[in-house]
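A.B. asks: Could you have a look at this structure, given as structure tokens, before my questions?
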Amino acid sequence: MTAKIARGTQTRSRPKAKGATRKVPAKAADALPLPGEAVRKVSLWIFAGMMLALLLAILTAFQVPQMAGTAAGEAIGEAGFAVKRVEIKGLNRMQRLPVYAAALDQPSMAMPLVDLDATRERLLRFGWVEEARVSRRLPDTLVVDIVERTPAAIWQHNQQLTLIDRMGVPLEPVRLEAMPDLPLVIGPAANTHATELNELVAAVPHLKPQLAGATWIGGRRWDLRFQSGEVLALPEGKETAEKALVQFARMDKMTQLLGRGLVRFDMRVPGKFIVRVSSQPGTIIKDAPPPPPPAPATGPVDTKTVI
């Protein structure tokens, strides 16, 4: 039995079916821009971040029981989401160490268990801190943004000097040899009336640079002391004191009351302007200023000069 062998024939490949996929050679796969391992790592971090955000939302919205929430938070912390860094912003005058201590005073370093509200409340107890914001930055950073108070005056009480802001909030002690160039407020509770004093002086802009200090007298009124040494006794009551100070500023512009060697101006009694020329009886100062003109708003002024 003979077998016939067809010579010269070639086996033709079948046409590729429509829609079929082609296999990429191994060498071509190695040339792709993102290796499969890198893609898996990026996807894992994105997924972990989404799950952490979701867990935080669930713990907040549904108030999961404390033990279950703590266990879940600790598990996330062990997975790498734990506080390792504290970033502080906005700090200029205050020491950094107390801020670090307040931020790291946590029951747990796991990110979901960091109490942002309690941390903010601790920061607000510092005199320098006017406002504070605390936030998480995944995976391991706690961000603290501080708004500091601005020093406005020095408060002297019980032989102690304290730096205060415009609201009278004590900031820190001041040494006598290192006093900043700020107005001095003197007397018990003088710091709590610092805002009132600022508003009072703001009504007389040209006198403000000449103000050296103010004494809160009897818990009722202010004595202002100027750089040239004179003292102005103002009446009680915010509106009455402001009117008197505006009137004094107008008279100073017309007759130059300050810097002439006078000692004290007394405006405590409405309608009267009393000037003490010298602290020593019998002393006469030449070129004493003429009596100030009456103020139209308050009627005639009875002027007395006490020597």
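A.B. asks: Note down all Cβ pairs under 7 Å where the first residue falls in the range 74-94 and is exposed (fewer than 15 other Cβ atoms within 10 Å of the Cβ), the second is assigned to a loop (DSSP other than H, G, I, E, B) and modelled with pLDDT of 85 or more, and they're at least six residues apart or on different chains.
C.D. replies: Gly80/Pro139; Lys84/Asp140; Arg85/Asp140; Arg93/Trp128
A.B. asks: Tell me, please, whether a residue that is at pLDDT 85 or above, in contact with a helix residue (DSSP H, G or I) (Cβ under 9 Å, 6 or more places away or on another chain) and under 20 Å from Ile186 (Cα atoms) can be found in the range 272-287.
C.D. replies: Scanning the range 272-287, I find no residue that is at pLDDT 85 or above, in contact with a helix residue (DSSP H, G or I) (Cβ under 9 Å, 6 or more places away or on another chain) and under 20 Å from Ile186 (Cα atoms), so the answer is no.
A.B. asks: Which ones in the range 193-245 are loosely packed, with under 15 Cβ neighbours inside 10 Å, touching a strand residue (DSSP E or B) at 6+ places or on another chain (Cβ under 6 Å) and of a type outside the set (A, V, I, L, M, F, W, C)?
C.D. replies: The answer is Gln227, Glu236.
A.B. asks: Tell me which residues, restricted to the range 191-213, are hydrophobic (A, V, I, L, M, F, W, C), farther than 13 Å from Met167 by Cβ and in contact with a Gly (Cβ under 9 Å, 6 or more places away or on another chain).
C.D. replies: Ala212
A.B. asks: From (1) touching a residue at least 24 places away in the same chain (Cβ under 8 Å); (2) farther than 21 Å from Lys84 by Cα; (3) of a type outside the set (Lys, Arg), pick out the condition that doesn't hold for Glu121.
C.D. replies: Unmet condition: (1).
A.B. asks: So, in the range 216-271, exactly how many residues are under 16 Å from Ala190 (Cβ atoms) and part of a loop (DSSP other than H, G, I, E, B)?
C.D. replies: 5
For every residue, the table says whether it meets (1) in a loop (DSSP other than H, G, I, E, B); (2) within 25 Å of Gly213 (Cα to Cα); (3) charged (D, E, K, R); (4) modelled with pLDDT of 95 or more.
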residue	(1), (2), (3), (4)
Ser108	yes, no, no, no
Pro112	no, no, no, no
Arg136	no, no, yes, no
Ile146	no, no, no, yes
Ala153	no, yes, no, no
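A.B. asks: Next question. Can you name the residue in the range 182-192 that is within 23 Å of the chain's Cα centre (by Cα) and assigned to a strand (DSSP E or B) and, of all such residues, is surrounded by the most Cβ atoms within 10 Å (Cβ to Cβ)?
C.D. replies: Val185
The rows are residues; the columns are (1) under 19 Å from the mean Cα position of the chain (by Cα); (2) under 30 Å from Leu116 (Cβ atoms); (3) buried (at least 19 other Cβ atoms within 10 Å of the Cβ); (4) of a type in the set (Asp, Glu).
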residue	(1), (2), (3), (4)
Leu138	no, yes, no, no
Val147	yes, yes, no, no
Thr150	yes, yes, no, no
Trp155	no, no, yes, no
Arg166	yes, yes, no, no
Val174	no, no, yes, no
Pro180	no, no, no, no
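A.B. asks: Which number in (1) of a type in the set (A, V, I, L, M); (2) part of a helix (DSSP H, G or I); (3) buried (at least 19 other Cβ atoms within 10 Å of the Cβ) marks the one condition that Leu142 misses?
C.D. replies: It is condition (2) that Leu142 fails.
The values are calculated or read from the model by the stated rules, or taken from the named source; none is laboratory data. Only a predicted model underlies this, so the values are computations on that prediction, with no experimental measurement involved. Cβ sites come from the backbone with ideal geometry, for glycine too, and all protein chains shown count toward neighbours.
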